[in-house]
Amino acid sequence: MTVERESLLSKIRALLAKTMEAGCTEEEAMAALAKAQAMIAAYEVTDAELKLTKEEKAILRSEPPGTKDPHQIKWNLLHAVSKFCNCESWRERRRNGGGIVFVGLPADVQFATWLLDHLAAFVEAETVNFLMETEPSNEDRRSAIRGFVAGCTERISYRLEELCEQTAAAANSNAKALVVVKDQAVQAKLKELDIRIHLSCGGYVEHDPSSYHAGTAAGDRASFGRPVSGCNATLRLR
């Protein structure tokens, strides 16, 4: 291995080591992760070179007790965010706090937590703007919120899943091998904790069609200042 290659790997490892657990702020950690992912993709760095082996352990991270999700925004986005970040996820039973749980490699779980929080904040802010512009009556407000949130979260989820498909199609052999390593680590963690994930399908909830379409349009406006990347991609959600 050349000196230049070893220097590159050292820089990437140092970036991946900048986590919140290591004392970095969330902004510092996410900026470091984004840069590391871009470098891995650009230089086709393998998991073996970075010593990302099958022995790397997945972690489990739960939301703090009492975390609220009144309009089910996070729940609606959860599947797409988890898929995009190479994680498994679920919502705990109410008697256990009812919060969302991610399991995956440390960097992926940190990214998924950040992405879900920021997308939820975007939808909440857009919902406020929508209500101020349309000024629905008190009787219609609940239906308007349901419709807007449904349209916005469905559109964002669809766009994230499109990015996943594009990433999978463009992935090189190194990236595909890394996904296998991640999947194995996640499944090992689930087996260790004796956790079995069951799919849950919610029933149809009636909502206002015009509010739904307004939410869909808002979902198209979602944008982020840093790259939104998964599976070593450097795609940006616009």
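Figure the gain on full extension for K68 and S7 (residue separation times 0.36 nm, minus the Cα-Cα span) and round it to one decimal in nm.
Details: separation 61, 0.36 × 61 = 21.96 nm, distance 4.46 nm.
Between K68 and S7, full extension yields 17.5 nm more.
Need one number: the % of Cα-Cα pairs in region 57-220 sitting beyond the 29 Å mark. Before the final figure, lay out each step's value.
On the way: 3422 of 13366 pairs.
Beyond 29 Å sits 26 percent of the P(r) for region 57-220.
For the cross-link pairs K18/K176; K57/K182; K11/K57, which exceed 20 Å when the distance is taken from alpha carbon to alpha carbon?
On the way: K18/K176 24 Å; K57/K182 9 Å; K11/K57 22 Å.
Check vs 20 Å cut-off fails for K18/K176; K11/K57.
Suppose R0 equals 45 Å. What FRET efficiency, 1/(1 + (r/R0)^6) with r the Cβ-Cβ distance, do R142 and E44 give to the nearest 0.05?
0.30
Can you give the FRET efficiency for Q187 and E165, using 1/(1 + (r/R0)^6), R0 = 22 Å, r = Cβ-Cβ distance, to the nearest 0.05?
0.50
K35: which aspartates and glutamates have alpha carbons under 19 Å from its alpha carbon, excluding same-chain residues fewer than 8 sequence positions away?
E4, E6, E21, E26, E27, E44, D47, E49, D108
Rule-based calculations on the coordinates, nothing more; no lab input. Here the structure is a predicted model, which means the values were calculated and not measured. A quick note on method: Cβ atoms are made from the backbone with ideal geometry, for glycine too, and the neighbour counts reach across all protein chains shown.
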